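Read the structure below first, then the notes.
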Amino acid sequence: MPRAPIFLLLTLTALGSVFIALAFGSLPLTVVEVFQAIVSPVPGIADDVIWKLRMPRVLAAFACGGLLATAGVLLQVLLRNPLADPYILGISGGAALGALGAILLGAGVAGGNAGALAGALGAIAIVFGLSFRAGDWNLHRLLLTGVVIAAGFTAVISLLLSIAPQAQIKGMLFWLMGDLSHAGSSGAAWLVLGLVVAVFTLWSGSLNALALGALKARALGVAVGGVQSALYFGAALATVAAVLLGGSIGFVGIMVPHALRLSGVNDHRWLLPASALVGGSFVTLADTFARSVWAPQQLPVGIFTAVLGVPVLLFLLSRRA
């Protein structure tokens with residue numbers, strides 16, 4: 001099937017997921033009410049619910065999913081491993097450690113985000129510093145360093161949870177499971193998403209060559225070391241932006257690119273924007289379930305990305321076998 005119709009279908013699916021997210025919640029709205037509030041807003045309950053409550057969260061969910069899926073694509077090319085995901089290099093663990101440490105010290109939302117950013121940047125610096133030496137980029141050392149760092153962060157996070165006061169544990173667990181209920185402005189996340197997708201789509205030829213192996217990429221004239229470094233920092237930037245927005249939302253970065261590749265989308269000129277659309281749609285719908293299925297109680301969106309993602313990925317793997 002040609003790529004353009006697939007991309008058109010994914011775009012329509014993304015728009016549909018946003019419309020569904022605006023319609024469902026603690027206060028269900030009709031299709032007419034949603035459409036009217038979008039096209040010609042009239043002061044009232046429906047307008048307030050959509051523009052002040054749901055639209056900011058929907059935009060945050062879509063950006064978060066798009067960032068995670070895009071980071072997954074970049075890391076799978078970098079590591080030449082379809083099982084690589086945005087959290088494999090310890091970036092999420094560093095962010096989680098920084099955020100939970102700030103929460104434990106009584107910091108607010110801004111303090112938690114600052115702690116998460118500091119922890120993520122620290123993890124990026126450690127992993128890059130230990131895996132890139134004297135101009136030698138060793139992907140095996142990169143992967144092992146990330147796994148070890150992630151395991152260390154997990155141990156420290158467990159320690160923080162064990163000593164945290166009872167009143168703070170729920171908020172800490174929600175952050176670890178992924179939670180968009182306190183997501184703020186998503187403008188910066190959208191800027192990062194657009195920048196990363198645009199830059200690496202322009203470099204799609206180099207990414208296609210690198211996916212065949214470093215030796216073949218060099219033979220085709222690709223500056224392998226520079227592209228690998230760009231992939232690492234591009235994936236790290238996307239992961240940090242997503243984690244700061246929604247916490248640790250799992251399974252998106254591994255499932256979405258894998259599903260698209262199994263459906264025949266392998267050219268990164270199409271795979272990157274398609275992953276952003278599918279990842280955004282997936283998290284948007286999962287977050288809609290999270291805030292609607294047990295309304296008015298809101299559940300962590302990470303629970304639903306795992307519940308929905310596990311059977312889908314297993315089905316895709318069984319088909320491939």
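General remarks:
- Cα centroid of segment 186-230 to Cα centroid of segment 248-321, whole Å: 23 Å
- For the chain, built as a Gaussian network whose Cα springs stay under 10 Å, the top-fluctuating residue of ALA84, ALA214, ALA71: ALA214
- Largest GNM mean-square fluctuation among ALA96, ALA189, ALA217, using the chain with Cα springs under 10 Å: ALA217.
- Once the C-beta distance of SER204 and SER181 is scaled by a Förster radius of 35 Å, the resulting FRET efficiency is 0.45 to the nearest 0.05.
- The peptide list 250-257, 149-156, 179-186, put in order of mean Cβ contacts within 10 Å with the highest first, becomes 250-257, 179-186, 149-156.
- The stretch between LEU105 and PHE315 holds 71.3 nm of extra length on full extension. This uses 0.36 nm per residue minus the Cα-Cα distance.
- One chain, two ends: LEU159 and LEU12. Fully extended at 0.36 nm per residue, the span grows by 48.4 nm beyond their Cα-Cα distance.
- Base-10 log of normalised Debye intensity for segment 5-86 (one unit scatterer per alpha-carbon) at q = 0.15, 0.21, 0.26 Å⁻¹: -0.66, -0.95, -1.19
- Spherically averaged projected area in nm², based on the convex hull that wraps the Cα atoms of the chain: 17.6 nm²
- Among VAL222, VAL283, VAL240, residue whose mean-square fluctuation peaks in a GNM of the chain (springs only between Cα atoms under 10 Å): VAL222
- Annotation: for a label point projected 7 angstrom from Cα along Cα→Cβ of ALA188, residues of segment 59-91 with backbone N closer than 17 Å are 60-61, 63-65, 67-68.
- Estimated FRET transfer efficiency when R0 is 56 angstrom, pair ALA167-PHE19 (beta carbons, to 0.05): 0.90
- Dividing the helix sum by the residues of the chain, where each DSSP H run of 4 or more adds -39500 (n - 2.57), gives a mean residue ellipticity at 222 nm of -25000 deg cm²/dmol.
Laboratory data are not the source of any read-out in this text; all were calculated from the coordinates shown. All of these numbers come straight from a predicted model, not from anything done at the bench. Virtual Cβ from ideal backbone geometry, glycine too; neighbours counted across all protein chains shown.
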